[in-house]
Amino acid sequence: MGGLGYYVVIGLTALLSFAASAMLKRKFNEYAQVPMPVSGAEVAEMMLRQNGITDVRVVSVQGHLTDHYDPTNKTVNLSDYVYGGYSVAAAAVAAHECGHAVQHQQAYAWLGLRSKLVPLVNISSNLSSIVLMIGLGMAAVSQWHNTSVFLIGVLLFSVTTLFAFVTLPVEFDASRRALAWIDRSGIGSSMEHRQAKSALFWAAMTYVVAALGSLAQLLYWVMLLFGNRRQNEE
C-alpha cells in the first residue's frame, strides 16, 4: 500500500466532509429564515434556568457557527448570529450548547471522558503528523526493520481518533436533550421541532464524518506499518 492509498483516503474524507458541511450550511441558512418568538440567548437562559443551572453564563462570541460550551469557565458561548437570532436555527444551536451544560451538571460520563482526553489530544494532534513522517522516513531507510518511531506516531494519531469517537455520544446526547427541552418548553410548533431536529442532525453528521475519516486514516497507517513489516520478515 503506497502513497496513492493515503491520498485516496484523504480525498474521500475531504469530499464527505465538504458534503456534510455544505448540507449543514444550507439547512441552517434555510432555518434561519423561520422565525421564533425568542432569541438564541433567551432560549439558552430559559433552558439553563429550567434545568436549575444558575452558575453558567450565556455570552456572545465572534464568528459563524463558533458556538460551544466551555466547561472550564462555565459559559455557553453563542456566535452573534445565534445569540441575537430569532429563528429556528438559532434556537436549535443555543439549546444544543445548553445540552452540554446540562451534561456537565449531571456528570455525564462521556463528557467527563472527553474532557479528560483534551490535554492528550492537544499534544497528539500537534505531534502525530511530525512523528509519523519522521518514523516513515526512518522505517523506509531501514527497510522497515526499525519501526519504533513510526509506531509512536500511529499511537499518537490513535488518540485523536479515540477523541473523535468519544465526541459522538456527547454531541448526539446534547441534541437529544435540546429537542426534549424544546418540546417541553412549548416555544415551537411540531413543524419547528422537526426543523430544529434536522438542523442538529446535520450538525452531528459533521462529527460523524470527521470520526470516520480519522478512523480511515488510522487504519491506513496501521496497515502500512504491519503490512511492510510482515513483508520484510518473509
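None of the figures in this text is laboratory data; all of them are computed from the coordinates on show. This one's a predicted model, so the numbers in the text were calculated from it and none came from an experiment. All Cβ positions, glycine included, derive from the backbone under ideal geometry; neighbour counts span all protein chains shown.
A few points about this structure:
- Reducing the stretch 96-125 and the stretch 1-47 to their Cα centroids gives an inter-centroid distance of 21 Å.
- In this label model, residue 113 and residue 125 are separated by 1.9 nm, measuring between points 7 Å along each Cα→Cβ vector.
- Two tests apply to each whole DSSP H helix in the chain, Cα reach of 18 Å or more along its axis and mean Kyte-Doolittle hydropathy of at least -1.0, and the ones passing both are 3-31, 88-105, 109-141, 148-185, 190-233.
- Candidates 156, 212, 186 compared by Cα position along the dipole of the stretch 128-222: farthest toward the positive end lies 186, with charges placed on Cβ.
- Here the dipole of the chain is about 220 debye; that uses its Cα centre as origin and unit charges on the Cβ of Lys and Arg (positive) and Asp and Glu (negative).
- Where labels lie 7 Å past Cα in the beta-carbon direction, separation of residue 105 and residue 143 in nm: 6.5
- The equivalent ellipsoid of the chain has semi-axes of 41, 19, 13 Å, largest first, where each one is the square root of 5 times an eigenvalue of the Cα gyration tensor.
- For the stretch 97-234, a simple Cβ point-charge model (Lys and Arg +1, Asp and Glu -1, everything else neutral) yields a dipole of about 180 debye relative to the Cα centre.
- For the peptides 118-125, 146-153, the ranking by mean Cβ contacts within 10 Å, running from highest to lowest, is 146-153, 118-125.
- Rg ratio (alpha-carbon, reference 2.2 N^0.38 Å) - the stretch 1-132: 1.30
- Relative to the compact-globule estimate of 2.2 N^0.38 Å, the Cα radius of gyration of the stretch 81-195 comes out at 1.57.
- The modelled label-to-label distance between residue 189 and residue 14, using points 7 Å beyond Cα along the C-beta direction, is 4.4 nm.
- Within the stretch 131-157, backbone nitrogen closer than 18 Å to the virtual label 7 Å beyond the Cα of residue 219 toward Cβ: 154-155, 157
- Antiparallel %, DSSP beta bridges [both residues in the chain], to 5: 45
- Cleavage-rule hits (trypsin sites (Lys or Arg not before Pro)) in the stretch 1-100: DSSP loop, at most 14 neighbouring Cβ within 10 angstrom: 74
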